[in-house]
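Asks: Below you'll find the structure I mean.
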Amino acid sequence: MRPGEERVIVWDADLSGFGVADRALGRKTFIARYRAGGGRTGKLRQATIGRYGTLTVDEARTKAAGF
């Protein structure tokens, strides 16, 4: 991923809702999307897990699996 003018999110193929967001300045952040309140009727939320470099991909995946 290269830094650009827009935020780009690359989603993990194996873990639903887990991805990495690349911001315009090149800062990469692990994120998790989940539904609060249960099922399809729950409100869509997004949580920041941590920054790439501070966390490894495996550590971020483990944390995202808890959502």
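The values are calculated or read from the model by the stated rules, or taken from the named source; none is laboratory data. Bear in mind that the values here come from a model prediction, so they are computed numbers and not experimental data. For neighbour counting, all protein chains shown are included, and Cβ atoms are generated from backbone atoms with ideal geometry for every residue, glycine included. Quick note on the areas: whole protein, heavy atoms, side chains included, nothing else; ligands and nucleic acids left out. Shrake-Rupley method; radii C 1.70, N 1.55, O 1.52, S 1.80 Å.
Asks: Which chymotrypsin sites (Phe, Trp or Tyr not before Pro) in the range 1-58 sit in a loop by DSSP (not H, G, I, E or B) and have at most 15 other Cβ atoms within 10 Å of their own Cβ? Spell out each step's value before the answer.
Replies: Working: sites: W11, F18, F30, Y34, Y52; in loops: none.
When the chymotrypsin sites (Phe, Trp or Tyr not before Pro) of the range 1-58 are filtered for loop state and at most 15 Cβ neighbours within 10 Å, nothing remains.
Asks: Counting only protein heavy atoms and a 1.4 Å probe, tell me what percentage of the chain's accessible area is made up of carbon and sulfur. Don't skip to the answer; put the middle values down first.
Replies: Values: 2330 of 4920 Å².
After summing per-atom areas, the C and S share lands at 47 percent.
Asks: Which net charge results when you count Lys and Arg as +1 and Asp and Glu as -1 among the other residues whose beta-carbon is under 12 Å from that of T29?
Replies: Numbers: positive: R7, R23, R27, K28, R51; negative: D22.
After counting each charged neighbour, the total is +4.
Asks: Let me ask something else about it. Show that you can apply the helix-only estimate: for the chain, add -39,500 (n - 2.57) for every DSSP H stretch of four or more residues, divide by all residues, and state [θ] at 222 nm to the nearest 500.
Replies: Working: 1 runs with 8 residues, N = 67.
Value at 222 nm, helices only, nearest 500: -3000 deg cm²/dmol.
Asks: Follow-up question, since we're still on this one. In Å², what does the accessible area per residue of the chain work out to with a 1.4 Å probe?
Replies: On the way: 4920 Å² over 67 residues.
In whole numbers, the chain has 73 Å² accessible per residue.
Asks: May I pose another question? Within the chain, which is the longest segment that contains none of the trypsin sites (Lys or Arg not before Pro) sitting in a DSSP loop with at most 15 other Cβ atoms within 10 Å? Mind dumping the intermediate values first?
Replies: Values: sites that count: R7, R23, R27, R40.
My reading of the result: 41-67 is the longest stretch.
Asks: Relative contact order for the range 2-53: what is it in percent, counting Cα pairs under 8 Å that are at least 6 residues apart?
Replies: Numbers: 96 pairs, mean separation 14.4, N = 52.
Taking the mean separation of contacting Cα pairs over the length of the range 2-53, I get 28 percent.
Asks: Given N residues in the range 24-65, what is its alpha carbon radius of gyration divided by 2.2 N^0.38 Å? If you can, show how the numbers build up before the last one.
Replies: Details: Rg = 12.3 Å, N = 42, 2.2 N^0.38 = 9.1 Å.
Rounded to two decimals, the normalised Rg is 1.35.
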